[in-house]
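Asker: After the structure tokens below, expect a handful of questions from me.
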Amino acid sequence: MKKALVAIDESPVSVSLIEYAFDFAQKEKLDFLDFIHVTAPRETPMIISEPDHPPDLPVPERSLARERIRELIVKHMENPEQPSIPFKLLVISGTPYEEIINQAEKEEYKYLLIGHRGMSNIKRFFIGSVAAKVARHSPCSVLVYHPREKTEG
């Protein structure tokens, strides 16, 4: 099965990347798309007085993010011109580039698609972009999506 991993967040770039991913999948004859969204890790509170308390508390923010992103994907699927490709949505907590690479290593993806968001040269120098880190460490081909600037005609 040929499939791609699509790393998204809730930015405007990711909204257009979702549409692009379905078009790309159709052109490349991919069978499946996995969308991944990485939420910031939350510290689990230490509960000393309750030893039987589960260590992994449910994170409502993760559920909310999953619903918001699923809505974005389904919105594009409702368009009759949009190619119909099966997909799965993964919402994981952690460091974005690490979790994206971990997922890419777990499965056999032909491509990894990720959006590029503008970042100042100074900021990019000190912290690097998620897209650059993913491209450097990915086990498969990476497509860094740059949305086209809309020109007024």
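Every number in this text was worked out from the coordinates using simple rules, so none of it is lab data. Just so it is clear, the model here is predicted, and its values are computed rather than measured. Quick reminder, even Gly has a Cβ in these numbers, built from the backbone with ideal geometry, and neighbours come from all protein chains shown.
Asker: Points 7 angstrom from Cα along the Cβ direction at residue 102 and residue 78: gap in nanometres?
Answerer: With each label placed 7 Å out from Cα toward Cβ, I get 3.4 nm.
Asker: Under a point spin-label approximation (7 Å from Cα along Cα-to-Cβ), what is the residue 27-residue 136 distance to one decimal in nm?
Answerer: Each label point is offset 7 Å from its Cα along the Cβ direction, giving 2.8 nm.
Asker: What does the extension gain come out to for residue 144 and residue 1, with contour length at 0.36 nm per residue minus their alpha carbon separation?
Answerer: On the way: separation 143, 0.36 × 143 = 51.48 nm, distance 2.25 nm.
Gain in length upon complete extension: 49.2 nm.
Asker: Just list whichever of 75/133; 3/88; 3/106; 2/133; 3/27 have alpha carbons separated by over 19 Å in the model shown.
Answerer: Going by Cα-Cα distance, 75/133; 2/133 fall outside the 19 Å limit.
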